[in-house]
Amino acid sequence: MTKTLQLNFSTAAGKKIMLTVDNPRAGLTALEVNTAMQGIISAAVFEVNGLPLNEAHGARIVERNIAELVNG
């Protein structure tokens with residue numbers, strides 16, 4: 001099973017953006033994720049069309065099961 005942490009943000013213009021983190025640490029809390037998201041916004045290292053991320057809209061962990069039937 002693979003896990004991905006999805007972090008959802010928007011810019012001042014309302015453009016939605018999702019950042020993903022593969023294999024997040026087990027036991028993450030909402031407080032830890034929210035703090036990290038606010039740090040990403042404060043650092044202003046990501047931009048969409050020249051606008052930095054300015055609002056966090058939520059986060060979730062997505063789990064997927066993959067069953068390969070043919071590999072070749």
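Every number in this text was worked out from the coordinates using simple rules, so none of it is lab data. What you see is a predicted model, and the numbers here were worked out from it, not measured in a lab. With ideal geometry, Cβ positions are generated from the backbone for all residues, glycine too; neighbour counts draw on all protein chains shown.
Some values worked out for this structure:
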| item | result |
| --- | --- |
| Single residue of segment 60-72 satisfying the filter (out of contact with any strand residue (DSSP E or B) (no Cβ under 6 Å at 6 or more places or on another chain) and of a type in the set (A, V, I, L, M)) that is surrounded by the most Cβ atoms within 10 Å (Cβ to Cβ) | Ile66 |
| Residues (among the small types (Gly, Ala, Ser) and either assigned to a strand (DSSP E or B) or touching a residue at least 40 places away in the same chain (Cβ under 8 Å) (or both)) located in segment 28-57 | Ala56 |
| Looking only at segment 23-59, and only at residues there that are of a type in the set (D, E, K, R) and more than 20 Å from Lys3 (Cα to Cα), the one that is surrounded by the most Cβ atoms within 10 Å (Cβ to Cβ) | Glu55 |
| Qualifying residue in segment 58-68 (condition: in contact with a Leu (Cβ under 8 Å, 6 or more places away or on another chain) and assigned to a loop (DSSP other than H, G, I, E, B)) | no |
| Enumeration of residues in segment 21-50 that are closer than 13 Å to Ile61 by Cβ and either touching a Leu at 6+ places or on another chain (Cβ under 8 Å) or not polar (S, T, N, Q) (or both) | Val21, Asp22, Pro24, Arg25, Ala26, Gly27, Leu28, Ala30, Glu32, Val33 |
| Residues located in segment 1-27, provided they are touching a residue at least 40 places away in the same chain (Cβ under 8 Å) and in a strand (DSSP E or B) | Thr2, Lys3, Thr4, Leu5, Gln6, Leu7, Asn8, Phe9, Ser10, Thr11, Lys16 |
